[in-house]
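First comes the structure, then the notes that go with it.
The values are calculated or read from the model by the stated rules, or taken from the named source; none is laboratory data. Every value quoted in this text rests on a predicted model; they were computed, and no experiment measured them. No Cβ is skipped: glycine too gets one built from the backbone with ideal geometry, and neighbour counts run over all protein chains shown.
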Amino acid sequence: MVINAIKSLIQRLYPYGIARKGKAVYLTFDDGPIPEVTPNVLAVLDKYKVKATFFMVGDNIDKYPEVFEQVLKAGHSIGNHSYNHIKGFRFSTEAYLANVARCQEAIERHGGHTCLFRPPYGRTFWWQRRALVKRGYTICLWDVLTRDYNPRRTPEAMLATVMRQTRPGSIINFHDSVKSNERMLTVLPQVIEWLQKEGYEIATL
C-alpha cells in the first residue's frame, strides 16, 4: 500500500508525462522481450482483441529480435526501457542518456520506432528527465502497479489492486519477465475481462 501510494504521488507530480483522457486505460508490460514469456502475453492479448504497450530492454531486443518482431507484427506499441534496465540514481546524466540511446538504436535497428520512455523502477533525477524530454522522449510511468514480480504476490491480490485503483486514464503496469510469468499470465485474462465488463477501452500509449 505504501509503495502504491508513493508511486501515485510521483505520477501526479511528474512534470513530463502522458496526457490521458476519456475512459481509456492502458496495459503496459516492462522488461521484455523474453521468449519464454512475451509470446504467451501476445496470445492472451490476441484472444481478447486488445493492444498493449511494451517497454523493452535493449539488451533483450538484441538477444531475441524474433520476439521483438512478433510484438511489432501483432500491432502493439513499444517503448524504450533503457539498454540494461538501469536506475538513473546510480548514473551520471551523460551515462544514463547514453544507455537510453543505445536502447533506441536497438529498437530502430530491428525495425521499430518509439518516442516513449519508461525509466526502470521509475527512478531518475529531475535533470535526467528534463534532458530526456529535450531529446524528444515522452516519459511514461504508471498509476496501477500490479507488483507481479513479487513471488509473494498472488493473482487474487493483483486483481484486487487493479479493481481498486483503476480509473479512466489509468496506466496499468505488468512485466513480461521470467519472474512474473506464471502469476502475470494467470491474472492478465481476469484483468482484461474485468476492464471490458466495466466499459473501459483498452488502448495503447
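For the reader, a short list of remarks on this structure follows.
- Of the helices (runs of 4 or more DSSP H) lying entirely inside the range 22-120, the ones with 3 or more residues being touching a residue at least 24 places away in the same chain (Cβ under 8 Å) and either touching a Cys at 6+ places or on another chain (Cβ under 8 Å) or farther than 30 Å from Lys197 by Cα (or both) are found at 58-63, 65-73, 93-109.
- Ala106 being surrounded by 20 or more Cβ atoms within 10 Å (Cβ to Cβ) and farther than 26 Å from Leu145 by Cα: yes
- Only a single criterion out of (1) buried (at least 21 other Cβ atoms within 10 Å of the Cβ); (2) touching a strand residue (DSSP E or B) at 6+ places or on another chain (Cβ under 8 Å) is not satisfied by Asn60, namely (2).
- Residue, surrounded by the fewest Cβ atoms within 10 Å (Cβ to Cβ), within the range 149-205, restricted to residues that are of a type in the set (Gly, Ala, Ser) and farther than 26 Å from Ile61 by Cβ: Gly199
- Output for the range 164-187, where each listed residue is more than 21 Å from Asp46 (Cβ to Cβ) and assigned to a loop (DSSP other than H, G, I, E, B): Thr166, Arg167, Pro168, Gly169, Ser170
- Scope the range 139-148; condition among the β-branched types (Val, Ile, Thr) and either part of a loop (DSSP other than H, G, I, E, B) or more than 18 Å from Ile86 (Cα to Cα) (or both); matching residues: Val144, Thr146
- Of everything in the range 85-97 that is surrounded by 14 or more Cβ atoms within 10 Å (Cβ to Cβ), out of contact with any Pro (no Cβ under 8 Å at 6 or more places or on another chain) and not β-branched (Val, Ile, Thr), the residue that is nearest to Arg135 (Cα to Cα) is Leu97.
- Residues of the range 12-48 that are under 19 Å from Val144 (Cα atoms), in contact with a helix residue (DSSP H, G or I) (Cβ under 9 Å, 6 or more places away or on another chain) and either among the basic types (Lys, Arg) or modelled with pLDDT under 50 (or both): Tyr14, Pro15, Tyr16.
- Within the range 121-131, the residues that satisfy the criterion of being of a type outside the set (Val, Ile, Thr), touching a helix residue (DSSP H, G or I) at 6+ places or on another chain (Cβ under 7 Å) and either crowded, with 20+ Cβ neighbours inside 10 Å or not in a loop (DSSP other than H, G, I, E, B) (or both) are Gly122, Trp127, Gln128, Ala131.
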